[in-house]
Structure formats: structure tokens, C-alpha cells
Amino acid sequence: QVQLVESGGGLAQPGGSLRLSCAASGYIFGISFMRWYRQAPGKERELVAHITSGDSTEYADSVKGRFTISGDNAKKTVYLQMNNLKPEDTAIYYCYIRSGSLISYWGQGTQVTVSS
């Protein structure tokens, strides 16, 4: 049974930083890519950042230059460094891992609140 456990969420002031971590337990057959999504109240879940097994990355336009995704396939861990946070970054953040056998795994979500 694979479980993804996120940590690092919380309250930050505008302009502040948070670092999210997501660690998977259990066996995953290869990792094709890892992602972070977020969902704000009343909005659809959106893709925030994506990293491939070859460390290629992509970001939503709204977070480019502020957020950095990184990952360690061997440790089955993905991180999201969030700098210069804005109130509109407030959301529940979810990590996601796609295995080489095309199985999708989701974390339970961690709340990020940006407010003064």
C-alpha cells in the first residue's frame, strides 16, 4: 500500500517562504514524474509544478520565478520551495506521483495560508 505524506504547510506572511515535502512509503514501480497541485476554496484543482524523472521542470505561469520543484526518485520524495508568497497562493497543496506502470498516487493535502 503506497501512501504519500505531505508536510511543511502552514501560515506565512505575504513575501514569506514555505517548503513543502512529500514522501512516499511503499513500493512504486519506477517514477515517471512528480507534481504539485493546489486547490483554493471554490476553485478547481490546478497544476502548480511538474518534474520528470530526468529533472525537467515546468511551472504554472502564476508561480514561475517564485516556486521551485525538486525531487529525489530514489527516496520517492518531492519538494516545493515557495518564495515570495502571495495571498492568492492560499490553497490546499497536493503532491502527485505517476509510476512507470501508469499508476497515480495522491497525497492527502496540506494547507497553505498566506495572510498578514
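With the requirement that a residue be over 21 Å from ALA24 (Cα atoms), open to solvent by 30 Å² or more (accessible area, probe 1.4 Å) and not acidic (Asp, Glu), what does the stretch 58-82 give you?
Once the filter is applied, which keeps residues that are over 21 Å from ALA24 (Cα atoms), open to solvent by 30 Å² or more (accessible area, probe 1.4 Å) and not acidic (Asp, Glu), the stretch 58-82 yields TYR59, SER62, LYS64, GLY65.
Only one of ILE97, ILE31, ILE103, ILE69 is closer than 24 Å to GLN3 by Cα, in contact with a strand residue (DSSP E or B) (Cβ under 7 Å, 6 or more places away or on another chain) and at pLDDT below 95; which?
ILE31
Listed here are the residues, each with its yes/no results for (1) among the aliphatic types (A, V, I, L, M); (2) open to solvent by 60 Å² or more (accessible area, probe 1.4 Å); (3) out of contact with any His (no Cβ under 9 Å at 6 or more places or on another chain); (4) closer than 16 Å to GLY8 by Cβ.
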residue: TRP36; (1), (2), (3), (4): no, no, no, yes
residue: GLY42; (1), (2), (3), (4): no, yes, yes, no
residue: ARG45; (1), (2), (3), (4): no, yes, yes, no
residue: ILE51; (1), (2), (3), (4): yes, no, yes, no
residue: ASN84; (1), (2), (3), (4): no, yes, yes, no
residue: THR90; (1), (2), (3), (4): no, no, yes, yes
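Quick one: is SER17 open to solvent by 50 Å² or more (accessible area, probe 1.4 Å), modelled with pLDDT of 95 or more and small (Gly, Ala, Ser)?
yes
Hey, among the residues in the stretch 92-116 that are in contact with a Ser or Thr (Cβ under 9 Å, 6 or more places away or on another chain) and among the aliphatic types (A, V, I, L, M), which one's surrounded by the most Cβ atoms within 10 Å (Cβ to Cβ)?
Checking each candidate, the answer is ILE97.
The values are calculated or read from the model by the stated rules, or taken from the named source; none is laboratory data. Treat the numbers as computed from the prediction; the structure is a model and nothing was measured. Cβ coordinates were reconstructed from backbone atoms using ideal geometry, including for glycine residues, and neighbour counts include every protein chain displayed. These accessible areas exclude ligands, DNA and RNA; they are computed on the full protein's heavy atoms, side chains included. Shrake-Rupley method; radii C 1.70, N 1.55, O 1.52, S 1.80 Å.
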